[in-house]
Amino acid sequence: MPPREFGYFVLAYTAMLTALTFQSAVITRPHNVLAVARRGDAYANYSTTAAASQLAFTGALTVLCIVGAGVAQLTGSGRAALLFALALALFSWQLQEFGRRVLYTEGRLGMALVNDVMSYGTSAVALVVLWRVDRLTVTRALVVIAFAFAIGAVAIGRQLRVALSGKLDASALTESWQFGKWLGLAEVGQWFSTQFVYYLAAAVIGLVASGALKAGQTLLGPIAAFLAFFTSYLPIVFARELHGSGSLARKLRWSFSLVLPVVIAYCVVTAVFAEPLLEHVYGESYGGYARVVEAFAIYYVALSFSTITVAVLSARGMTRDIFAGMTAGGALSVTITWVLLREWGVAGGVAGMLAGWAVAMAFFLRASRRGPATGGPSRPAWGG
């Protein structure tokens with residue numbers, strides 16, 4: 001796509017990622033942590049209640065997008081089709097994501113991988129075909145995503161028939177809310193540290209800046225996907241370890257040894273070859289954004305540390321401390337990123353994200369050393 005059109009796609013895609021982030025905070029991560037110790041009917045009732053919450057959440061967002069499409073049609077903005085396609089994509093992707101995260105809770109990683117290959121693979125192939133026949137547009141790209149993840153959602157629904165055959169349980173809903181409410185608020189702060197940058201860049205510099213940011217970040221996409229898996233899976237691993245041994249020291253060493261070498265190696269190589277990679281993947285018009293890729297490489301190395309730290313805090317139920325850290329980081333990021341964008345251009349957006357990360361990480365480390373304020377063991381959260 002031309003940079004301006006790609007900018008529109010980035011804004012729509014960022015909206016979907018934002019929705020997935022809140023879904024994780026208030027629905028799927030509580031399931032990953034709180035459902036680990038449940039068995040039989042208790043597990044089925046909890047999962048069924050979570051699924052009902054998911055349908056309500058996704059339905060509300062979908063209706064909001066459809067209303068937005070209607071308003072766009074009435075005002076003649078020309079983006080009504082885009083918003084309607086966004087509604088379809090958001091609906092199917094959220095349901096697929098809910099199902100795969102339940103599979104994570106159950107330890108059925110192979111099934112989750114197969115479903116991901118089906119969903120993401122189908123969308124990738126279809127997008128390549130549209131590109132090759134010169135029919136790729138923002139709206140068509142979103143429709144492809146909607147169709148591909150609808151297939152995944154249907155398939156995963158069949159795999160979870162037993163888990164979703166329970167009864168609605170008000171106490172499960174209350175427990176999930178008590179766990180997830182701080183995570184939901186934390187994601188507001190996280191959004192201002194990360195996703196908001198794409199909208200701010202479009203306002204300060206222009207839509208091309210949003211496209212350039214996403215282009216640079218996409219070169220680090222494999223690492224983003226790698227860390228996304230651990231964001232989902234480590235809280236489950238740590239929660240099980242706490243139920244078992246009560247200490248996280250062994251699992252922490254395992255996590256760092258597994259995550260850091262991969263992240264650092266990939267980020268270093270991508271940063272070194274940033275300019276030729278940009279030109280090869282996107283064309284010469286993106287070659288001047290090598291600094292953006294270099295900044296994102298630093299950001300993802302930093303993010304690997306906080307991914308593990310947040311997983312520890314989640315497993316210990318210290319979601320209020322996650323909220324405090326992300327809120328502080330988001331506040332700083334909002335305060336300085338628009339200035340950095342003006343002074344340093346597109347790379348300034350990533351610099352603002354790094355500044356927000358540094359503040360949030362300081363809060364996380366302080367909380368992890370202190371341990372749970374109430375109801376938890378007196379030893380540090382690292383379990384040493």
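The values are calculated or read from the model by the stated rules, or taken from the named source; none is laboratory data. The shown structure was predicted, so the numbers you read here are calculated from the model rather than taken from an experiment. When we count neighbours, we look across all protein chains shown, and the Cβ atoms used for this are built from the backbone with ideal geometry, even at glycine.
Number of residues in segment 223-236 that are under 25 Å from Val281 (Cβ atoms) and modelled with pLDDT of 90 or more equals 3.
In segment 167-176, the count of residues that are crowded, with 18+ Cβ neighbours inside 10 Å, among the polar types (S, T, N, Q), out of contact with any His (no Cβ under 6 Å at 6 or more places or on another chain) and modelled with pLDDT under 85 is zero.
Annotation note: of Ala112, Ala126, Ala89, Ala50, the sole residue that is without any contact (Cβ under 8 Å) to a residue 24 or more places away in the chain, surrounded by 20 or more Cβ atoms within 10 Å (Cβ to Cβ) and touching a Phe, Trp or Tyr at 6+ places or on another chain (Cβ under 9 Å) is Ala112. What are the residues in segment 364-384 that are at pLDDT 75 or above and not hydroxyl-bearing (Ser, Thr, Tyr), if any? Within segment 364-384, Phe364, Leu365, Arg366, Ala367, Arg369, Arg370 qualify. Summed over segment 11-24, the residues that are among the small types (Gly, Ala, Ser) and either in the same structural domain as Glu187 (by TED's automatic domain parsing) or under 10 Å from the mean Cα position of the chain (by Cα) (or both) give a count of 2.
Residue-wise test of (1) under 20 Å from the mean Cα position of the chain (by Cα); (2) crowded, with 16+ Cβ neighbours inside 10 Å; (3) modelled with pLDDT under 90.
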site: Ala265; (1), (2), (3): no, no, no
site: Ala274; (1), (2), (3): no, yes, no
site: Val281; (1), (2), (3): no, no, yes
site: Ser285; (1), (2), (3): no, no, yes
site: Thr309; (1), (2), (3): yes, yes, no
site: Ser333; (1), (2), (3): yes, yes, yes
site: Glu343; (1), (2), (3): no, no, yes
site: Ala362; (1), (2), (3): no, no, no
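When segment 71-86 is examined, which residues are found to be without any contact (Cβ under 8 Å) to a residue 24 or more places away in the chain and either within 13 Å of Ser24 (Cβ to Cβ) or not in a helix (DSSP H, G or I) (or both)? Those that are without any contact (Cβ under 8 Å) to a residue 24 or more places away in the chain and either within 13 Å of Ser24 (Cβ to Cβ) or not in a helix (DSSP H, G or I) (or both): Gly76, Ser77, Gly78.
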